[in-house]
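Step one of this worksheet: look at the structure below.
The values are calculated or read from the model by the stated rules, or taken from the named source; none is laboratory data. Bear in mind that the values here come from a model prediction, so they are computed numbers and not experimental data. For neighbour counting, all protein chains shown are included, and Cβ atoms are generated from backbone atoms with ideal geometry for every residue, glycine included. Protein only, heavy atoms only, side chains kept; ligands, DNA and RNA dropped before computing areas. Shrake-Rupley method; radii C 1.70, N 1.55, O 1.52, S 1.80 Å.
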Amino acid sequence: DEKMTHRWQKDADGILIFTGLFSAALAALLTVSVQDLKSNPQDTTAFYLANIYQLLADPNISRTSILATPVQPPDFSPPKSAVLVNSLWFLSLVISMTSALLATMLQQWAR
C-alpha cells in the first residue's frame, strides 16, 4: 500500500513537470498567435494616409465635398483559421491546467 501511494506521488510529479513545461510553451505560442485576432493599427494608418494622399493629389476636390463624405476604414474580422487555431490553443491550455490541478489533488490525497 505504501509502495502504491509512493508510485502515485512520483507519477503526479512527472505530470506536474510536463504540464508546467507544456503550459509555458503554450503561453508563448498564445502571445504570438493572439495578435492575429486583433486589427493591425498599421493597416488603419495606411488606409487614412492613402485617403489623405488622394485628397491632396486631386486639386478638383472642394473642401465641402471632403467634409460631406467621411471615410471609415473597413471593419476588421479575424480569419476563421486564426479563430480556430487560437481556440484550440486555449482549449489545450485549459486541459493542461486541469490535469495539473488533478495531479496536485492526487498528491495531496496520497499523503
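Of the residues making up the stretch 1-27, those that are open to solvent by less than 90 Å² (accessible area, probe 1.4 Å) and hydrophobic (A, V, I, L, M, F, W, C) are MET4, TRP8, ALA12, ILE15, LEU16, PHE22, ALA24, ALA25, LEU26, ALA27.
Scanning the stretch 81-95 for residues that are open to solvent by 60 Å² or more (accessible area, probe 1.4 Å) and either under 30 Å from GLU2 (Cβ atoms) or assigned to a loop (DSSP other than H, G, I, E, B) (or both) turns up nothing. Here ASP43, ASP36 are screened, and the one residue that is part of a helix (DSSP H, G or I), touching a helix residue (DSSP H, G or I) at 6+ places or on another chain (Cβ under 8 Å), at pLDDT below 95 and of a type in the set (Asp, Glu) is ASP36. Kindly provide the set of residues from the stretch 28-60 that are within 23 Å of VAL85 (Cα to Cα) and surrounded by 13 or more Cβ atoms within 10 Å (Cβ to Cβ), ordered by number. Within the stretch 28-60, LEU29, LEU30, SER33, VAL34, ASP36, LEU37, SER39 meet the criteria. The requirement of being outside any helix (DSSP H, G or I), out of contact with any helix residue (DSSP H, G or I) (no Cβ under 8 Å at 6 or more places or on another chain) and farther than 26 Å from LEU88 by Cα is satisfied by ASN60. The residue that is surrounded by the most Cβ atoms within 10 Å (Cβ to Cβ), among those in the stretch 96-106 that are out of contact with any Phe, Trp or Tyr (no Cβ under 8 Å at 6 or more places or on another chain) and over 29 Å from GLN35 (Cβ atoms), is ALA103.
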